[in-house]
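Right, I'll just put the structure down here and ask away after.
The values are calculated or read from the model by the stated rules, or taken from the named source; none is laboratory data. What you see is a predicted model, and the numbers here were worked out from it, not measured in a lab. No Cβ is skipped: glycine too gets one built from the backbone with ideal geometry, and neighbour counts run over all protein chains shown. These accessible areas exclude ligands, DNA and RNA; they are computed on the full protein's heavy atoms, side chains included. Shrake-Rupley method; radii C 1.70, N 1.55, O 1.52, S 1.80 Å.
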Amino acid sequence: MKRGNISKKYRMVLYLFFFTGLLVMYAIYIPYLMDYYLIRPKESFFSFMDENILNVTYRFEGIVMAITIVIIYCITMHTGISMLIVSLVLFVLTHASYIKYLNRRELLRLDDLRLTEAAGMAAGYFRVEFSSYLVLLTGVMLFFAAAGTAAEWFIRGKKQKSENDVIEEEGKISPQLKGRLILGTRLLGGIILCAALVLYTNYFLKSRYVIDVIGPLIPENNMYVLYHFIQNDSLAEISVENVKDSYDFLLSQEEPGEINTDPVYPNMIVIMNESWWNTDNIDPDRVSFSQDPMGAFKELSDRCITGYLTSNVYGGGTVSPEMEFLTGLNTKYYLADSAYSQTMGRKLPSLVDYFNALNYETIAIHPYYGRFYSRDAVYESMEFDKVIFEEDMLYKDIYTRYISDESLAKQIISEMENKEEGSAFIWALSMANHIRVLDYTAEPAEDYDYPVTVDLKGSRLSEEDYDTLVNYVNGIYLANQAFLQLVEYFTGTEEPTVIVMFGDHCPYFSSETLEIFGIKEEDENIEMSERIYSTPVILWSNFSQEEISFSGESMYYLPQILIDYAGLPDSDMTRILRYERKFIKTNSKKIVRDAAGRELWQCTEEQVQALNHFKAVQYDILWGEGIGSDIWIPSDINNQNIQK
């Protein structure tokens with residue numbers, strides 16, 4: 001009996017030593033391996049690891065992984081199964097981040113899981129292709145699971161004998177009581193470890209959260225798969241007192257504009273066009289078109305103000321520029337995709353408040369399902385007077401898969417012809433040129449007669465990539481034609497009207513397509529960023545001769561620019577945005593420029609001060625006490641009550 005006990009103790013010590021070693025090795029290697037799979041550098045894994053060995057974020061990820069494995073072990077009591085479960089989750093997370101980065105230049109975030117329809121769209125791209133990176137990642141993860149299983153096999157055979165020995169001994173604890181004690185210990189240990197995991201994660205995220213992030217994202221931000229997944233944008237601890245100080249500071253720096261005693265309230269029509277991008281960004285020596293997709297845009301330049309804006313997103317994430325325009329907030333500082341769902345049950349101050357207060361009829365048009373990104377609930381909470389989704393559209397011609405931009409233009413004209421007396425604000429969000437992966441009730445247009453043909457000049461693309469390119473290019477061409485149609489119609493009307501169209505983001509193109517364009521993904525430079533993150537903007541009006549320019553401003557400035565252009569009264573938000581523009585023209589994830597348009601990497605004290613105060617205000621609007629709930633309400637005109 002004594003000899004058996006020595007054998008049991010020896011095996012247990014050896015098992016604990018082996019388990020601890022596996023856990024430490026897992027925590028050390030897997031975080032680097034996940035990023036190695038994501039980034040896919042040409043150097044070896046160990047060279048990549050050696051370059052980043054001192055990075056504290058990898059240490060954080062490793063500790064989270066180790067604690068999670070132990071928590072699962074408390075449930076399963078099996079090392080191999082625990083490591084296999086964690087490895088499967090991490091593999092899916094890593095590959096999903098890789099896919100999202102290819103499509104959006106962003107890593108997967110926890111809040112992405114709330115976007116069920118967007119998740120379904122992403123699932124269409126969840127293809128695993130054989131590569132050396134795939135073999136390395138899966139091979140190492142399977143090794144740890146196999147090693148853990150071997151450790152369990154080593155110890156469990158003796159455990160059974162030891163339990164039989166205990167049963168035969170008199171005066172020992174009964175198996176039933178012993179089982180309950182073990183179960184209670186496992187549950188208590190699991191609960192303690194869960195609490196420790198939450199506390200440690202919150203501590204680390206808060207310690208790494210920097211409220212005055214100014215510069216563009218550096219390549220390092222394309223790393224840390226697990227860290228970015230669990231990172232929470234709302235963790236910044238900003239007190240009510242600090243927020244109030246920020247409001248007071250910003251509003252004291254910018255006096256309200258002069259009040260117009262006889263204001264003209266023009267109709268305001270704003271179209272955010274899906275995947276509308278300037279095809280002049282494509283190298284003409286590599287790709288040519290039978291006719292210029294931007295032809296109508298250029299033809300209108302003598303009657304319109306044209307230029308470009310800077311987007312925070314590429315290839316997807318339409319809700320990001322949508323929120324920027326409607327709220328004046330910069331989505332660089334929070335995860336825009338889920339902001340609608342995060343703020344459900346809370347009214348977001350928005351441009352709709354502004355026009356409602358001026359007695360405009362406010363109309364939102366989106367020729368797709370209202371539930372997409374919860375727009376039905378959000379538009380209702382913003383208090384649009386009228387909301388039109390695809391089932392309400394009077395015109396439903398299809399461009400390959402979705403309702404066309406021409407139909408959207410006709411719907412806008414119809415709404416203006418049938419609006420109530422007075423001015424109208426129309427927010428139109430197109431759908432025609434969305435990537436063709438979303439479900440839709442309408443039948444796709446078969447053998448669509450594209451007006452523009454595409455010549456790759458000897459280069460080759462897969463059939464899928466070429467078809468996607470042709471579809472996008474023609475969608476851009478037709479968007480320009482639809483805007484021309486609107487200009488021609490409203491040129492014959494007498495009511496003062498402003499029409500603006502801007503693109504939300506560059507379309508999604510595969511790396512092979514971008515390479516044919518002459519855009520190399522690995523070149524993370526300002527020129528590449530400007531070509532991918534810039535979208536066109538065009539403005540027409542029949543009453544104002546004011547000269548303005550669009551030369552790369554961030555999209556969240558656009559509502560303030562339009563209000564000033566139309567001669568409309570100020571609000572607190574327009575004053576805040578105008579003040580920030582005195583220091584920063586572009587403040588996006590990839591590009592930061594000062595007011596003169598110079599690339600900016602280090603800010604002056606005044607620039608930092610302005611941006612920090614603005615970010616505190618933004619936090620208050622999204623997650624704080626809501627001190628600025630009336631931030632968009634316009635200034636009183638001649639002391640009259642202009643509230644609706």
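Under a 1.4 Å probe, what is the accessible area of the range 388-531 per residue, stated in Å²?
Accessible area per residue: 44 Å².
How far apart, in nm, are two points set 7 Å out from the Cα along the Cα-to-Cβ line at Ser551 and at Asp439?
Result for the modelled spin labels: 4.9 nm.
For the range 11-76, what is the accessible area per residue in Å² when the probe is 1.4 Å?
Here the residues of the range 11-76 average 48 Å² of exposed surface.
Which value in nm describes the separation of the simple spin-label points at Ile75 and Lys386, placed 7 Å from the Cα toward the beta carbon?
5.2
Ok, one more. On the accessible surface of the range 371-461, probed at 1.4 Å, how many percent belong to carbon and sulfur atoms?
Percent of accessible area from carbon and sulfur atoms in the range 371-461: 38.
Please state the charge dipole magnitude for the range 274-430, taken about the Cα centre, from unit charges on C-beta atoms (+1 on K and R, -1 on D and E), reported in debye and rounded to the nearest 20.
440
Roughly how many Å² is the accessible area per residue of the range 246-292, as a whole number, for a 1.4 Å probe?
46
Taking 0.36 nm per residue of sequence separation and subtracting the Cα-Cα distance, how much length would be gained by fully extending the chain between Glu527 and Ser44, in nm to one decimal?
Contour length minus Cα-Cα distance gives 171.0 nm.
Also, quick follow-up: Roughly speaking, what is the centre-to-centre gap between the range 458-491 and the range 342-389 when only Cα atoms are used, to the nearest Å?
Computed from Cα coordinates, the inter-centre distance equals 28 Å.
Roughly how much of Val140 is accessible, in Å² to the nearest 10, using a 1.4 Å probe?
40
Let me ask you something else. So what's the gap between the Cα centers of the range 395-440 and the range 600-620, to the nearest angstrom?
A separation of 37 Å, based on Cα centres.
For Thr149 and Arg598, what is the calculated FRET efficiency with R₀ set at 60 Å and r taken between the beta-carbons, to the nearest 0.05?
0.55
Here's a follow-up. What order, most packed first, do the peptides 31-39, 301-309, 128-136 have when packing is the mean number of other Cβ atoms within 10 Å of each residue?
Ranking, from highest mean packing down: 31-39, 301-309, 128-136.
First compute the accessible area of the range 1-98 with a 1.4 Å probe, then give the percent of it belonging to carbon and sulfur atoms.
C and S fraction of accessible area: 72 percent.
How large are Rg and Dmax for the range 261-309 when calculated on the C-alpha trace, in angstrom?
Using the Cα atoms of the range 261-309, the pair Rg, Dmax is 15.9, 56 Å.
Testing the spin-label approximation: label points 7 Å from Cα along Cα→Cβ at Asn52 and Ile398. State their distance in nm.
So the label points at Asn52 and Ile398 sit 4.4 nm apart.
Counting only C-alpha contacts under 8 Å and six or more residues apart, can you give the relative contact order of the range 496-553 as a whole percent?
Rounded, it is 53 percent for the range 496-553.
Over the range 436-507, with a single point scatterer placed on each C-alpha, what log10 of the ratio I(q)/I(0) does the Debye formula yield at q = 0.18, 0.23, 0.24 1/Å?
-0.93, -1.18, -1.22
Moving to a separate point now. Longer than 18 Å from Cα to Cα, which of Lys100/Lys585; Lys332/Lys590; Lys589/Lys615; Lys585/Lys615; Lys42/Lys520; Lys298/Lys589 are they? Say none if no pair is.
From the list (Lys100/Lys585; Lys332/Lys590; Lys589/Lys615; Lys585/Lys615; Lys42/Lys520; Lys298/Lys589), the Cα-Cα distance tops 18 Å for Lys100/Lys585; Lys298/Lys589.
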